[in-house]
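*Asks:* Next up is a structure, given as structure tokens.
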Amino acid sequence: MPTLLKIHDLDGHPEHELEWKKSEVPFICNGCKELGFGVCYQCPDMNCNYILHEECGIRRPTPPFQKFFEDCNFQFHPENPLGPRKCDICTLDIQGFLYQCSYGEHNLHPHCTSLPPVISLPDSDMSIYLRRRIQSKCLKCQSKKISSSRVQGLSYVSSDGKLCYHVTCLKQASLEAWKRDYFNLDVNANDEEKSLALQNLSPKLVVRPSGEQNSKAMKGFKLLIKFIKLLFSALLGDHFTLFSTLFQNFS
């Protein structure tokens, strides 16, 4: 349950109070301009589409999660006072609301600060951790480093360190899936549509071991499927059910 069921955004939307509710569809936050899923603050006027991430609506004075930035003194800003910056968690450009270190070194999207540091499920023996350093290549971009810039961001890594997904690739894959309407694929989608949707998540997902290959290869493939499912189910919440038909042949 959020701190507030209603908020009044006097600067961005003074006309109406915003109500805490669950969005039935993905949305673009009017505060940070990033993609959002699930609970949010939304204008009750049916003719208005003003919407904020829960984190962008509450605007806590400091971010709730600072494990990787313990020496920073973060402050919330409606826009970047120092010009263009990249988020130190996802490496994407900051286009709206942000937390900025008072020393000017680190910048964070408010919604990125709510990413779970550990992802696990009661019926799964796999755990996934948010890390700064990684040992393996990202399943999406097939690279360890995101770019040559100073800002390298964080990544989700399996407990054995063998599976990795950059946070920036996770967000971009979700945005691409939304733009390409992959969230609306149903059980009747053809193999080509499902293959394209899976390739958007990870190129390796479209190359399933054949029956002639050994059980070790199949075990590794199923582990990859479990990692991807766990990761995206944590990010998308209830919206993951729209993706679940992609994996029905791998269970």
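The values are calculated or read from the model by the stated rules, or taken from the named source; none is laboratory data. Because the structure is a prediction, the values reported are computed rather than measured. Using ideal geometry, Cβ is built from the backbone for each residue, glycine included, and neighbour counts are taken over all protein chains shown.
*Asks:* Hey, among the residues in the stretch 43-59 that are under 20 Å from the mean Cα position of the chain (by Cα) and either over 26 Å from H106 (Cβ atoms) or in a loop (DSSP other than H, G, I, E, B) (or both), which one's modelled with the highest pLDDT?
*Replies:* Going through the qualifying residues, I end up with I51.
*Asks:* Given the residues F74, F37, which is the only one that is modelled with pLDDT under 85, within 23 Å of the chain's Cα centre (by Cα) and surrounded by 20 or more Cβ atoms within 10 Å (Cβ to Cβ)? Quick ask: steps written out before the conclusion?
*Replies:* Numbers: F74 fails: modelled with pLDDT under 85.
Checking each option against the conditions leaves just F37.
*Asks:* Any chance you could count how many residues in the stretch 142-169 are among the aliphatic types (A, V, I, L, M) and in contact with a Leu (Cβ under 9 Å, 6 or more places away or on another chain)? Walk me through it before giving the result.
*Replies:* Pass one, the stretch 142-169, residues among the aliphatic types (A, V, I, L, M): 146, 151, 154, 157, 163, 167.
Filter once more, keeping what is in contact with a Leu (Cβ under 9 Å, 6 or more places away or on another chain): 154, 157, 163, 167.
Going through the stretch 142-169 one residue at a time, the tally reaches 4.
*Asks:* Here's something else I'd like to know. Of the numbered conditions (1) buried (at least 22 other Cβ atoms within 10 Å of the Cβ); (2) small (G, A, S); (3) modelled with pLDDT under 80, S174 satisfies every one except a single condition; which is it?
*Replies:* All conditions are met except number (3).
*Asks:* Can you name every residue in the stretch 93-123 that is surrounded by 13 or more Cβ atoms within 10 Å (Cβ to Cβ), at pLDDT below 85 and small (G, A, S)?
*Replies:* Result: S120, single match.
*Asks:* Looking at Q95, Q100 in this structure, which one is among the polar types (S, T, N, Q), in a loop (DSSP other than H, G, I, E, B), within 30 Å of D11 (Cα to Cα) and out of contact with any Gly (no Cβ under 8 Å at 6 or more places or on another chain)?
*Replies:* Values: Q100 fails: in a loop (DSSP other than H, G, I, E, B).
Of Q95, Q100, the one residue that is among the polar types (S, T, N, Q), in a loop (DSSP other than H, G, I, E, B), within 30 Å of D11 (Cα to Cα) and out of contact with any Gly (no Cβ under 8 Å at 6 or more places or on another chain) is Q95.
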